[in-house]
Amino acid sequence: MHHTGIMKTLCVLCVFVLCFVSEQCTCGNPAKLLQLTAQGFKEHVQSGKTALIYFGKYADSAIQTFIEQLETSAVALEDYGILVAMVNCSKENVAEYCTEEEVMRKAYLFRGADVLRSFEIDTIFDVNAIVSHMLFTVLFNEVRYIHTPAELVGVERVARGKTDIVMGHIPALGLPEHRALMEAAFVYGGKYQFVQTTGAPLLKHMGIADVSSVQARLWFLHCNSVSHASEPCPHTLMKKPLSTINIHTFLQLMEAPVLMEADVDPDDVDVIYNHLNVPVLFLFAQTETLHMDRSTAEALAWRLRGEIGLVLIHRDSPRVKTPVRYNAAYRLPHKEVKYFTLKNVEEVVNLIRGQLFQEEKEEEEEDDEDEDHWASTDVLDDEVAESVYRDRGVMLDMESVSELTADTFSTAVAQSDLTVVLFYFKWDAVSMAFLQSYVEVADALEGVSDITLASIDCGEWTCVCRDQNVSSFPSVLLFRLGEDTQSYRGMMGTESLYRFILLSHLSIPLSLSSSDEVLSFLEGDLYNRHSSFSPIRVLGLFTPEDPDVAIFEEAAKYLRGEMILGLFEHMEAERWAQEHAVMLPALLVSHGPGVQRKAHSLLLSTLQEMISHIRRVALDTFPELTVENLPWYLELRKPLLIMFVGGEESPETLQSLEEMKKAERTGQLDSSLPCWIHLGRTPAGRAVLETYLSYVPPLPALVLSQLSSGGEVYHFPTERPLLSENIIQWLQWIENNQEQAAGVIPDKAWRPPVPFYDFLAVMDEEAPGYAAQQRPKAKHVGKKEEDDKKKRGAGRETAFKPQRTPRHTEL
């Protein structure tokens, strides 16, 4: 994006400042969400224009909410030359984008025929997130994204004597503060070098002691006036919240003189500070002490820069009538001038900042009257809680999910071949966030026969949850007629649960009766429509009447939903075993057509050993780690030898991965688990890499993480070529203690910032007479008493302590 001419900058600046003040733009015809046909999409591609396009098939409640936000963003993005459009894939067919996925979850930013970037719709959840992400992508070459103090020093080195720097720290991308920063970068990008960061190391570098704070911040680095290469750039912190109008005011204040002088009374002073609505401090000076007074005023102005404007009044002017007993004054925005006598500099600093704090407090109290704020104990401890708070006004369409009670539970789970039940608490943020995904899965499965999705609130029906041994929330259990209950152990997301339920609906293990069926099974022809959910096929080879067959069948039932398993109990199994050089009983593992199969002998006797063995043999030898499959590889308890690669399939990336495979094939990496993370497909990998090394090095980057033995992290030297022989030699140096660790992973668990409560125990303690007697044990009650308790939402014979089950791990 190139900014040409002052007039364009002023026009765009006026547009977004006026829109902010009035909260809506009514000039001209507002942009609409453009509905594109397949032909219209082709014409757009040929036009070369920039456009955000969403390809969708249908609109459930969640998708409809997104489309509404998309339509709102069309008005905002029009000012930046970005078109917003949608293609209805139910009516139109655009190759590569109108796929056969049942839930459309991506939008694409095009520049002509080129896709600048794709976005998960969960990432661009509202108009602020949409605008900020689009501008950040468009301004990619103008806004520097940095992580470490060293990277900031490099930016300062280039900017010294040339331009000033505006640096924003954003806790998370897509927030209103991120949008405000990107809009400012669009307007002022030709004048300042904009820098964005999300990491903690730079907060410490800029003097912020509490790096755990989630507050967004912005600094102005005065590099233009610095001439010496070794001289650091002075910086000014913006004290107000990051908003469009506050950033505009702050930058105008940075352009204004640090100190102005006047020869009239403060009431008559008209300076730029008045028009920027910032407090103004007036200091009086006399001719005899003018040099000293000016030096004091300049030092104070730099100290309070960005907070106030400072004016030095020449008392000797005949137009100054202020009584001599006053030597200072201040004026808050839209208020009268107040005069006082200054004794020392610290006194005026405390006075001004105290007045500013009081003004901000009054504004917050006014906002509290209009907004529904959470109580102080309701801490937004993570992104899940934040999303629940953000979507608190969205009403979920629960028609596809049956809400169960103690009276209906037993009947409901006996009516379908497969009944899926969500156990949750309405006051738990994770439960409420997952409930939205659960409803999406129920909508997607509505046309599948013999599958019913239901839910039960354990805050109301604790007796049911206790009877099902549910003690962590949210939890999903699968009920089948005549079989044991199965627990869902995967990610708390739409796609993972949807895939698990469909695979669980299969009759597993699939009994095969001939070699032709075995070949068809391994090639993916059987259960072909489920190949996209699980390309992994595990086949058990057994001789007829082998006693281990029963154990394999039980293991297959336990693993139902994770992979597709087959059973070949036949005389021809011996031939398959000989072809793959193994002894019966054995396992054959296929990762899809064209991929070499793996064979493993079975020397096991217990069910748990069988389950663990099947999981191990199904793992890849050089896997791509994702958030979903990481726990299975961590169970191997091996050091992780991770190759971090960028989002593009560059020749350098492909060569590095090939060298890793080459090193793995030598057998000299057996003591660790060679693997790789694609930061384009798994963005969380960037945070992992930054946690390991405190910065993000140039990619590809090779790291050895010794999770299970001390937590040391080693970084392959960036100056050495990533060749197989160099990788092997480097690992030998680490084994011989000849390499120094680049970091250590903290040995601590992730916990919520506030404890969970035993609500029933609290209720007991508040009951009269609790201190004089212990709580009675549960007694058997009659049917009438039990019915009365159910009507009151009871059935709560025991105290229930919910605990959050970790769905992630520290990598």
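Computed from the coordinates by the stated procedures, all read-outs in this text should not be read as laboratory data. A quick note: this is a predicted structure, and the numbers were derived from the prediction, not measured. Here Cβ is always computed from backbone atoms with ideal geometry, including for glycine, and neighbour counts include all displayed protein chains.
Order these peptides, 683-692, 234-243, by their mean beta-carbon neighbour count within 10 angstrom, highest first.
On the way: 683-692: 18.6, 234-243: 17.0.
Taking the mean over residues of other Cβ atoms within 10 Å, the ranking is 683-692, 234-243.
If the limit is 30 Å between Cα atoms, which of Lys191/Lys335; Lys240/Lys335; Lys204/Lys343; Lys32/Lys191; Lys32/Lys162; Lys240/Lys321 go over it?
Values: Lys191/Lys335 33 Å; Lys240/Lys335 19 Å; Lys204/Lys343 34 Å; Lys32/Lys191 32 Å; Lys32/Lys162 41 Å; Lys240/Lys321 35 Å.
Exceeds cut-off: Lys191/Lys335; Lys204/Lys343; Lys32/Lys191; Lys32/Lys162; Lys240/Lys321.
Relative contact order for the range 144-253 using alpha-carbon pairs under 8 Å, separation at least 6, rounded to a whole percent?
37
So, with +1 on the Cβ of K and R and -1 on the Cβ of D and E, and no other charges, what is the size of the charge dipole of the range 31-138 about its Cα centre, to the nearest 20 debye?
In debye, rounded to 20, the range 31-138 gives about 300.
Find out how many positive minus negative residues lie around Val226, taking Lys and Arg as positive, Asp and Glu as negative, among other residues whose Cβ is under 9 Å from that of Val226. Walk me through the intermediate numbers first.
On the way: positive: Arg160; negative: Glu156, Glu231.
Neighbour charge sum, excluding Val226 itself: -1.
Just rank Thr452, Thr99, fewest to most, by other beta-carbon atoms within 10 angstrom.
On the way: Thr452 20, Thr99 13.
By the 10 Å Cβ count, ascending, the order reads Thr99, Thr452.
Size of the dipole of the range 507-618 about the Cα centre, Lys and Arg at +1 and Asp and Glu at -1 on the beta carbon, nothing else charged, in debye to 20? Let's see the in-between values first.
On the way: 9 positive and 15 negative charges, 114 e Å.
For this selection, approximately 540 debye.
State the answer as a single residue: which of Ser410, Ser475, Leu502 lies farthest towards the positive end of the charge dipole of the range 383-502, with beta carbon charges of +1 for Lys and Arg and -1 for Asp and Glu, about the Cα centre.
Result: Ser475.
Within 12 Å, Cβ to Cβ, of Ser515, how many net charges do the neighbouring residues add up to if Lys/Arg are +1 and Asp/Glu are -1? Each step should come with its number before you reach the end.
Values: positive: Arg575; negative: Asp516, Glu517, Glu572, Glu574, Glu579.
Taking every other residue near Ser515 into account, the sum is -4.
Based on Cβ point charges of +1 for Lys and Arg and -1 for Asp and Glu, what charge dipole magnitude is obtained for the range 630-744 about its Cα centre, in debye rounded to the nearest 20?
Working: 8 positive and 14 negative charges, 49 e Å.
Using Cβ point charges on Lys, Arg, Asp and Glu, the range 630-744 gives about 240 debye.
How charged is the neighbourhood of Leu603? Take every other residue with its Cβ under 14 Å from the Cβ of Leu603, and add Lys/Arg as +1 and Asp/Glu as -1.
That sum, taken over residues with Cβ under 14 Å, equals -2.
Highest mean first, what order results for 330-339, 422-431, 223-232 on Cβ atoms within 10 Å? If you can, show how the numbers build up before the last one.
Details: 330-339: 14.4, 422-431: 20.7, 223-232: 12.6.
Going from most to least packed, we get 422-431, 330-339, 223-232.
Could you grab the relative contact order for the range 630-744? Cα pairs under 8 Å, six or more apart, rounded to a whole percent.
Working: 161 pairs, mean separation 37.0, N = 115.
Normalised by residue count, the contact order of the range 630-744 is 32 percent.
Over the Cα atoms of the range 144-253, what Rg and Dmax result, in angstrom?
In order Rg, Dmax, the Cα atoms of the range 144-253 give 13.1, 38 Å.
Computed on alpha carbon atoms, what radius of gyration and Dmax characterise the range 31-138, expressed in Å?
12.5, 34
Quick check on the exposure proxy: order Ser511, Ser132, Ser402 from fewest to most C-beta atoms within 10 angstrom.
With the sparsest Cβ surroundings first, the list reads Ser511, Ser402, Ser132.
What whole-number volume per residue, in cubic angstrom, does the convex hull of the C-alpha atoms of the range 204-295 give?
Enclosed volume per residue, from the Cα hull, is 153 Å³.
P(r) for the range 383-502, please, calculated from all Cα pair distances in 5 Å bins and given in %.
Cα pair-distance distribution for the range 383-502, in percent: 2, 11, 23, 26, 22, 11, 4, 1, 0.
Among Thr543, Thr494, which comes first, second and so on when ranked by fewest other beta-carbon atoms within 10 Å? Write down the numbers at each step before the final one.
Working: Thr543 15, Thr494 21.
Least to most surrounded, the residues fall as Thr543, Thr494.
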